[in-house]
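Right, one structure below, let's go through it.
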Amino acid sequence: MRTTDPQTPHLPVGRGEHADLALRICVPVLVIVVLTLAWYIGVVVSGVPPYILPSPLAVAKALFADWGTLAPALWVTTKITLVSLILALIGGVGFAVFLVQSRWIEIAFYPLAVILQVTPIVAISPLILVYAPSTQAALLICAFLVAFFPILSNMVQGLKSVDHNLLNLFDLYGASRWQTLVHLKLPAAQPYFMTGLRIGGGLALIAAVVAEFAAGSAGAGSGLAFRLLEAQYRLNMPRLFAALLLLSLLGVAIFALTSFISWLSLHRWHESSIKREN
């Protein structure tokens with residue numbers, strides 16, 4: 001029979017979870033507020049001109065004043081990042097399933113994926129810009145190539161990490177290769193897939209920005225990367241910091257979205273998402 005020390009204070013389960021969630025939210029927000037306040041005080045006390053280091057207030061004013069310019073650029077970067085991530089998910093999972101069908105297939109084709117991954121995207125982006133039908137397609141290809149490999153490598157590792165006893169059990173009951181893939185290998189690889197999804201989401205955004213730096217695309221279809229370069233050339237530091245803030249918030253939103261998807265998929269059964277009882 002389980003006993004509880006009457007002198008040991010404890011919170012109800014629901015209240016303890018709410019307190020933990022509040023700490024997870026309040027502590028980072030407090031740190032950001034303190035750092036922003038220190039930034040503001042440092043700029044005001046030192047008297048640094050805005051074209052060197054703007055204050056947080058100047059950045060906020062630039063964000064609202066230039067929202068008509070920054071918002072379309074934000075949408076372009078978001079669209080390229082999300083579309084490339086979706087394509088990387090489809091391609092990475094499909095290619096991983098293809099690779100694990102045979103050891104010889106993996107030996108033959110996996111090095112090609114490694115070569116694409118280890119080649120810096122900045123080095124091959126000029127070639128992609130030459131051969132792609134449009135600048136937007138080139139940006140999409142660059143972001144896809146960077147996000148593709150983490151999803152592929154994690155998915156391959158997950159498909160190859162299935163319990164051999166379960167594989168033998170499926171063989172014993174005469175399961176087909178398709179049934180084994182759908183009912184055993186893919187569910188077992190789900191945690192690895194979610195890890196690749198979180199990594200690929202951030203890398204897709206990085207690659208989209210780097211590719212746009214290399215492309216130097218301007219006009220109505222330009223993203224936040226070009227707005228960063230434009231603000232730098234004009235020494236408009238408040239707009240540059242505002243664009244950088246939007247990029248950071250976009251990255252945080254993508255990470256939060258992929259983490260939430262991972263939690264939805266794993267929190268009921270996988271050990272990495274189940275809270276310990278002791």
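The values are calculated or read from the model by the stated rules, or taken from the named source; none is laboratory data. In this text the structure is predicted, and so the values were computed from the model without any measurement. Methodologically, a virtual Cβ is constructed for each residue, glycine included, from the backbone with ideal geometry; neighbour enumeration extends over all protein chains shown. Keep in mind that these areas ignore ligands, DNA and RNA; they rest on the heavy atoms of the full protein, side chains included. Shrake-Rupley method; radii C 1.70, N 1.55, O 1.52, S 1.80 Å.
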Legend entry - Among residues of region 25-51, those that are within 33 Å of the chain's Cα centre (by Cα) and either of a type in the set (Gly, Ala, Ser) or at pLDDT below 80 (or both), counted: 2
Inset, instruction - Can you run down the residue pairs with Cβ atoms below 6 Å, 6 or more apart or on separate chains, where the first is in region 123-152 and assigned to a helix (DSSP H, G or I) and the partner is among the aromatic types (Phe, Trp, Tyr) and modelled with pLDDT of 85 or more? - result: Leu152/Phe95
Inset, instruction - Being open to solvent by less than 80 Å² (accessible area, probe 1.4 Å), assigned to a helix (DSSP H, G or I), under 24 Å from Val252 (Cα atoms) and free of Cβ contacts under 8 Å to residues at least 60 places away in the same chain is the filter here, so list the residues in region 40-59 that pass it. - result: Pro56
Inset, instruction - Could you tell me whether Ala225 is modelled with pLDDT under 90 and touching a helix residue (DSSP H, G or I) at 6+ places or on another chain (Cβ under 7 Å)? - result: yes
Inset, instruction - Name, by its number, the condition in (1) open to solvent by 70 Å² or more (accessible area, probe 1.4 Å); (2) at pLDDT 90 or above that does not hold for Leu205. - result: (1)
Inset, instruction - For Val31, indicate whether it is open to solvent by less than 80 Å² (accessible area, probe 1.4 Å), part of a helix (DSSP H, G or I) and either in contact (Cβ under 8 Å) with a residue 60 or more places away in the chain or touching an Asp or Glu at 6+ places or on another chain (Cβ under 9 Å) (or both). - result: no
Inset, instruction - Return yes or no: is Pro191 in contact with a His (Cβ under 7 Å, 6 or more places away or on another chain), under 30 Å from Thr77 (Cα atoms) and either modelled with pLDDT under 90 or not aliphatic (A, V, I, L, M) (or both)? - result: yes
Legend entry - Answer residue from region 127-172, given it is among the β-branched types (Val, Ile, Thr) and surrounded by fewer than 22 Cβ atoms within 10 Å (Cβ to Cβ) and is farthest from Ser84 (Cα to Cα) among those: Val162
Legend entry - Any chance Gly196 is under 15 Å from Ile80 (Cα atoms), of a type in the set (Gly, Ala, Ser), assigned to a helix (DSSP H, G or I) and open to solvent by less than 50 Å² (accessible area, probe 1.4 Å): no
Inset, instruction - Give the number of residues within region 237-266 that are open to solvent by less than 50 Å² (accessible area, probe 1.4 Å) and either free of Cβ contacts under 8 Å to residues at least 60 places away in the same chain or part of a loop (DSSP other than H, G, I, E, B) (or both). - result: 2
